[in-house]
1. If residue B:61 passes every condition in (1) within 16 Å of ligand 4 (Cβ to nearest atom); (2) more than 9 Å from chain A (Cβ to nearest Cβ); (3) buried (at least 24 other Cβ atoms within 10 Å of the Cβ) but one, which one does it miss?
2. For the structure I just gave you, tell me whether residue B:50 is farther than 26 Å from residue B:25 by Cβ and away from ligand 3 (no atom under 16 Å from the Cβ).
3. Restricting the search to region A:340-363, which residues are within 14 Å of another protein chain (Cβ to nearest Cβ) and in contact with a helix residue (DSSP H, G or I) (Cβ under 8 Å, 6 or more places away or on another chain)?
4. Considering only residues that are part of a loop (DSSP other than H, G, I, E, B) and either within 14 Å of ligand 1 (Cβ to nearest atom) or within 14 Å of chain B (Cβ to nearest Cβ) (or both), which ones fall in region A:167-213?
5. Among B:152, B:188, which is in a loop (DSSP other than H, G, I, E, B), at pLDDT 95 or above and within 15 Å of the chain's Cα centre (by Cα)?
6. Looking at region B:1-16 only, could you name the residues that are assigned to a loop (DSSP other than H, G, I, E, B) and more than 9 Å from every other protein chain (Cβ to nearest Cβ)?
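The values are calculated or read from the model by the stated rules, or taken from the named source; none is laboratory data. Everything numeric in this text was worked out from a predicted model, so none of it was measured. Cβ atoms come from the backbone with ideal geometry, glycine included; neighbour counts cover every protein chain shown.
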Ligand SMILES: Cc1cc2nc3c(=O)[nH]c(=O)nc-3n(C[C@H](O)[C@H](O)[C@H](O)COP(=O)(O)OP(=O)(O)OC[C@H]3O[C@@H](n4cnc5c(N)ncnc54)[C@H](O)[C@@H]3O)c2cc1C
Ligand code: SF4
Ligand code: SF4
Ligand code: FES
């Protein structure tokens, strides 16, 4: 017998987004269960170091900041790809949420009144913090922002906030079922009713039925080979949503690369390094960013810095290393011992543990690496997914769409909690009006299909190797859908991925598949991952312009005339490519399309109707 | 660098009726900058796809990959093979429930522990979205964060003599967490509230003070200081309580 569990709200994911929504619903008296692949406190949110943006304007360098300025930065950062109604709600709510987190126990770093120092571009400057602001939440500098706006706790912001959130969730009676993986969605084409899940302790299948289901499964960085993402960031929620055939994924081609992954392991060192005054150097130990971006230098937005780094490496200024791709250096030596060993402590540990270097005296080898997925389950501004009633999405798994084609550092962690609060309230409204009827036929059929998939993998005699196909998928994306993109490479990537997709139909296990078998876990999700990868690659091939992180060498202009739109991808059963449709990027413009003020590049204006 | 590593791994799959606990050896060529994360994944992909172990961030941040490495509990992702002899023995963390091979269930234990000690801010104040945040001294915020850095990896419990003898022992990790809340002015709990939770053998009086915990903590938390601090604080409270009790009776 398969165990069946009922609840009001089922959150797929117990990271910041999932738990924040859960807390809202539990606070309104509903039963909530969060599923997670790992102990909730290990969700990837805990790895965020740098901080989260909110226009509190307490620190001297944040003076004059306001939600309006935050809004401008966010829309420019997105290269006008974001939904401006969402961006507006986000910037207005962010300061309240940071204070709420303080109330719940986050040990934010605070303003210290009086004279202090900071670094910018390797130079030391003096600043004077207003003593009247002493003890309020302070902020640090991040890329792409006009003011210092990033709230932080040392460089363990994600850790501190997730621990506080998880404790709060426990207090509110939210249940977390950890080591449980959702493997398919139960729906009748109209309503989402829950999921079929596999227990990662015993291997047993389980049915979860809920009035409302939330996808908050984080990013899907692991479809790429080189990524800063944790090994569990495989987009489980997004891919089972895509497999319903009716739910849309938005802007899947919008993939962010982060300038400072360490070589060779792609572990991230935070943008806070540059925000706090670290510089990028080339093989001659020359600082090169000011030559490309005189105004913002290292603190232009991530897409811009990553592209400039690759440009510079292509000109022959990269450092050779035994792992293939050339790299550059990140220099934080001048920040000094006190700063590095406290405010950049995780960075210090990462350097010591994984590189065997001391960042006080040595340069850090870095290269741009895959980091963040702007795309995800497309929702309306209330977080309701397109396609199925009772299905919501929040956090990195969603395309709510705050980030458009490039998200600013510090805006994602903030998004998880702000969206969690806003969408949480909408989920509560939905639950208050919802009655659920669960159709046993639908549930049985779904369960049978999943059981059959498992039986075939174990006994079906399939010949394809799970790990080999996964590697092929990852390599195809690395090669064809990277920082710079073009027709030929994208086309090749799509073809390779189609081949991999076809071959996943013939997967077979080498082991017996019993218990919490990891080979079976990967085999069950791999076909879905390849379909997501195809949404990324095919969406990128079709988008013939450059916008934010999507840089087409063969279409270098941002084309507002034809492409000020969001890609929507759905997948029909039996298809070998996604179906793409488009919708306007934003329902209204508070800020009409214009120049970002960094990154250069030509713009084809929306007013320019001639071809 | 041209070493061949022998990695001896504890094997047992409780869900497989044919499986018996035993040690199994795998051989693997060492490569530059190899960590146990790299080594174990290679073994799984190239030699035995059923091998169970846990990694998540693979960057020493999340606490998922605790295991006993040549006799010592540590995070496997940040353990470099070059710092180990060519014979490496890996065992699952003791104390936690075994899931299979090197994989143990830390999540359930930590959730129960956090529920038991009510690991959240206890306050009578309502959050006011209109108001300025309550101020806090930056130095205090940094002190709190210093104790907040625990990643719930479980290494301290695996190394703890008391935990091995008493299943209900809360361990250095819980005591450290309590110390964090005592330090935090937002938490309105009083000494007696804390005493109820840890003023017993499950808590501070069960600890033998040999400090296996601090020695192995991969985050270098000042566990010794916290244990000392709590023992004094709880000791004094017990004494005061005793006196109070006496007064009442006479
Ligand atoms: C190294 C790193 C550093 C970062 N630093 C910053 C920063 O400084 N500032 C910032 O703003 N952003 C930062 N980000 C981005 C930010 O951390 C993430 O976007 C954000 O934390 C995502 O939160 P989430 O709640 O959406 O998902 P996550 O925290 O990733 O949680 C996902 C949850 O879903 C669960 N899950 C996944 N699949 C399934 C499934 N199939 N079934 C059941 N459960 C499932 C997981 O177990 C987990 O609980 C960083 C990202 C990385 C990779
Ligand atoms: S000092 Fe106490 S908590 Fe630490 S290992 Fe020894 S008995 Fe356990
Ligand atoms: S106190 Fe240290 S060893 Fe114990 S769980 Fe926390 S981080 Fe791990
Ligand atoms: S995998 Fe996260 S600490 Fe080792």
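1. (2)
2. Spelling it out, it is not the case that residue B:50 is farther than 26 Å from residue B:25 by Cβ and away from ligand 3 (no atom under 16 Å from the Cβ).
3. Selection gives A:341, A:342, A:343, A:344, A:347, A:348, A:357.
4. Our first condition is that a residue be part of a loop (DSSP other than H, G, I, E, B); within region A:167-213, this holds for A:172-174, A:179, A:188-190, A:200-204.
If the condition is that a residue be part of a loop (DSSP other than H, G, I, E, B) and either within 14 Å of ligand 1 (Cβ to nearest atom) or within 14 Å of chain B (Cβ to nearest Cβ) (or both), then A:172, A:173, A:174, A:179, A:200, A:201, A:202, A:203, A:204 are the ones that fit.
5. Only one candidate passes the filter, namely B:152.
6. To start, the set of residues in region B:1-16 that are assigned to a loop (DSSP other than H, G, I, E, B) comprises B:1-3, B:12-16.
Residues satisfying the conditions are B:1, B:2, B:3, B:12.
Residue-wise test of (1) on the phi < 0 side of the Ramachandran plot; (2) modelled with pLDDT under 95; (3) more than 14 Å from every other protein chain (Cβ to nearest Cβ).
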{"site": "A:74", "(1), (2), (3)": "yes, no, yes"}
{"site": "A:81", "(1), (2), (3)": "yes, no, yes"}
{"site": "A:98", "(1), (2), (3)": "yes, no, no"}
{"site": "A:103", "(1), (2), (3)": "yes, no, no"}
{"site": "A:106", "(1), (2), (3)": "yes, no, no"}
{"site": "A:111", "(1), (2), (3)": "yes, no, no"}
{"site": "A:145", "(1), (2), (3)": "yes, yes, yes"}
{"site": "A:151", "(1), (2), (3)": "yes, no, no"}
{"site": "A:156", "(1), (2), (3)": "yes, yes, no"}
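Rundown of residues vs (1) surrounded by 22 or more Cβ atoms within 10 Å (Cβ to Cβ); (2) modelled with pLDDT of 95 or more; (3) within 18 Å of the chain's Cα centre (by Cα); (4) closer than 30 Å to residue A:244 by Cβ, yes/no style:
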position	(1), (2), (3), (4)
A:334	no, no, no, no
A:344	yes, no, no, no
A:355	no, no, no, no
A:363	no, yes, no, no
A:367	yes, no, no, no
A:385	yes, yes, yes, yes
A:392	yes, yes, yes, yes
A:396	yes, yes, yes, yes
